[in-house]
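Presented below is the structure to which this report refers.
Each reported figure results from applying straightforward, stated rules to the coordinates on display, with no laboratory input. Only a predicted model underlies this, so the values are computations on that prediction, with no experimental measurement involved. Heads up, the Cβs are rebuilt from the backbone with ideal geometry, glycines too, and the neighbour counts pull from every protein chain shown.
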Amino acid sequence: MATRVRAAALEIAITGVQGARAARDGGADRVELCSALELGGLTPSLGLVDAVAAAGIDLHVLVRPRPGGFVFTATEVEVMVRDLEHLVDAGVAGVVIGALTPDGGIDRHAVKSLVRAAEGREVTFHRALDVVADARRALAELADLGVRRVLTSGGATRAVDGLDVLAALTQTAAGRIEVMAGGSVDPEHIPLLLEAGVDAVHLSARVCRDDAGATGPGGGPAGYSIADPELIAHAAAALT
């Protein structure tokens, strides 16, 4: 039987070991690990990084010190550099970063420092790209700085609504830097994203679960979300 070739890579955003196992078993190529996905994602704990690394899937880790915008102070960049140093020691395959200037450009100084701290691990620039003043120019800047790929919805809330921009970005990238589509992606969107020429697809593939345990005023909502192996497998099938 001939081996089925995947048209683009599949990355799953996860928040724990369950997600890593679901992604591995569902046929994903890699995971992006973060905490607080409901806030857009924050840097996870090193204990969680170690636990997920043992799940046996290509592990990329988000480095973002706080929610909110992507303009960081020198102190915040220093914290991200220290986080990256620990992640390199932990043996992760890649890291996910992003930093902008107040006028909507790439913060070249911050990105250069973060890429250097990654010590050759694959670097993805996250959806901060969707708010830059000139995304096509930013691709060339990021490639020059050593960034391997970008995560983008094409500037839309949903990647499926940013197809024209995604297609333009893939043409501009011309193989110098990978373009990964992400932003409220459902498996049914994948054929359209592939037509735009993207190199990878990123989704969370999550479903809500009720928590039967006790919670209280300081515990937050009673429910939580987990990665769905069936959705991941559906997405993987759509990419072959």
Checklist entry - In segment 149-180, which trypsin sites (Lys or Arg not before Pro) are in a loop and have at most 12 other Cβ atoms within 10 Å, using DSSP for the loop call? => result ARG176
Item to check | Estimated [θ] at 222 nm from DSSP helical runs (n ≥ 4, -39500 (n - 2.57)) normalised by residues in the chain, nearest 500 | outcome: -10500 deg cm²/dmol
Item to check | 15 Å tail of the calculated P(r), segment 50-129, as % of Cα pairs | outcome: 52
Item to check | Global form of segment 119-203, assessed from the alpha-carbon gyration tensor, a/c cut-off 1.5 | outcome: prolate
Checklist entry - What does the convex hull of the Cα atoms come to per residue for segment 1-78, in Å³? => result 115
Checklist entry - Just how far, in whole angstrom, is segment 101-138 from segment 1-65 if you go by their alpha carbon centroids? => result 21
Next on the checklist: Among VAL96, ALA53, ALA22, which residue has its Cα furthest toward the positive end of the charge dipole of segment 1-96, with +1 on Lys/Arg Cβ and -1 on Asp/Glu Cβ?
Outcome noted: ALA22
Item to check | Around VAL201: net Lys/Arg minus Asp/Glu count, Cβ-Cβ under 11 Å | outcome: -3
Checklist entry - Which value in Å is the Kirkwood Rh of segment 82-131 over different Cα pairs? => result 11.3
Checklist entry - Stretch ARG108-ALA7 to full length: gain in nm at 0.36 nm per residue minus the Cα-Cα span? => result 33.2 nm
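Below 8 Å, C-alpha to C-alpha, sequence gap of six or more: please give me the relative contact order for the chain in percent. Show your work: numbers first, answer last.
Numbers: 483 pairs, mean separation 47.8, N = 240.
Relative contact order here is 20 percent.
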Checklist outcome for this item: Taking only the Cα positions of the chain, the convex hull volume per residue in Å³ is 137
Checklist outcome for this item: In nm, the gap between the two label points placed 7 Å beyond Cα toward Cβ at ASP58 and SER184 is 2.8
Next on the checklist: How big is the dipole moment of segment 1-93 about its Cα centre under a simple scheme where the beta carbon of each Lys and Arg is +1, that of each Asp and Glu is -1, and everything else is neutral? Debye, nearest 20, please.
Outcome noted: 340
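Mind checking the dipole of the chain: about its Cα centre, +1 per Lys or Arg Cβ, -1 per Asp or Glu Cβ, Debye to the nearest 20?
So the dipole magnitude of the chain works out to roughly 280 debye.
Could you list CYS208, CYS34 so that the one with the fewest beta carbons within 10 Å of its beta carbon is first and the one with the most is last?
So the ranking, lowest neighbour count to highest, is CYS208, CYS34.
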Checklist entry - Put +1 on the Cβ of every Lys and Arg and -1 on every Asp and Glu Cβ in the chain; which of GLY162, ALA237, VAL147 then has its Cα farthest towards the positive end of the dipole? => result VAL147
